[in-house]
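The values are calculated or read from the model by the stated rules, or taken from the named source; none is laboratory data. Because the structure is predicted, anything quoted here is derived from the model rather than measured. Side chains included, ligands, DNA and RNA excluded: accessible areas come from the protein's heavy atoms. Shrake-Rupley method; radii C 1.70, N 1.55, O 1.52, S 1.80 Å.
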Amino acid sequence: MMKGFRLRWLLIGFMGLPLGIAHADMPSPEPYLLVRSMRMLQDQVASGKPEALPMLNRVLGHIAGQLEAASPDVWQKPANAYAILIYLLNGGNPQVVRNILTTTKLESISPKLVAGSLAYADGNPLGIVDNFSGELPPDIPSELVASISLVTAAQLAAIDAPTALKRLDYIRLTAPGTLLEEAALRRGLMMAANLGDKDKVKLLARNYLQRFGLSPYSEDFFRQLVDAVMVLKGKISNDEIEEIASLAWTGARLPFYLRIARGAIVVGDMPRARFMSQKAEALAQSLKADDTQARLYLGISNVGTDKTTDAVRMLSELPKDRLHERDVKLLEAATAMGGKILEQPSVVPVETPQKSVVKAGAATTDTKVKVDTPKSEATIDPMIDETRKKLDAIDALLGKAKK
């Protein structure tokens, strides 16, 4: 209750909201209070409160102006000096911070923190890791430690995934319910998948969907989760993927299943593509949503099986105007391949001598009967070559459509 009241007071104070007359007599809030209000709003955004995001965009602009106008002596107070770094590492205006850090000598904080922050503002990954990877001063705010852990984890992911993942675990333990935790859960998915840690991927996904399922950044979460599932391949079962999906709100499951289906087609895992597209088709029908994309992937996954005839028929009935251009190309390539398969009979009838056995005491005679034998190698080879060409065409199209 008190926290909410303080946030509203701060917003009125530095944004000049309803109390315009009172605002003229109010002192400008100190930077650490401004940054605290920003972080509180960011946490509300992460939790899915729709009114928080547009307010946050306004607040960020006002904070930048307030920080630029602050007198130099303000930054000698440790709380304000640390706040400017937290502001930067959590989406603040890098130019504003760079100007402050390069024109003001901050006596109260470590030079390495300043250097690391400038490296972050300049987009210098080596400088970030070099200055932020050592032991941090014991007296800095835990929120700044969590912020540094987040930015360095992103830089370390490609070269030292276990250490990067440990930094994200630290954030989950020390900043629960915050935008920092939300980001840590999203970014940890691919790190855990690259380490082959299926259980960690499931844990992170479950925590995210239970705590931040309505976050405006959930679109990125699902992209990361799909990529993680693709990396894990057979280590994670279809049932386990479905279990994860069941935690998401219904509207989010359909695109999730579709992305998994497409990804499975790209890597040639047709059983998974079939399973996910069937789930997507059933869900689309229950939601009374368009099932064209689900049927496209289901049809493709059945081309080359004993259901090829039905698959080709399904593909031929799909309305192209409901598909993205890249999916239209995919549809055309899959239909062409299916047609070629159907044009190639697998057996031909030939006549061959076969002994016929009659009742005991009767003679054994030679008769000619029709049996099915495989086509000759010379007949099959051209068909294989043609089919491979079609497969290569589909692979190329799928590769372009993967993203």
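Residue 267 exposes around 90 Å² of accessible area when a 1.4 Å probe is run over every protein chain in place. Taking all protein chains into account, the per residue accessible area for region 79-194 stands at 41 Å² (1.4 Å probe). Among the lysines of region 212-317, pairs at least eight places apart or on separate chains and with Cα atoms under 22 Å apart come to 4.
Between residue 28 and residue 285, the contour length at 0.36 nm per residue exceeds the Cα-Cα span by 86.9 nm.
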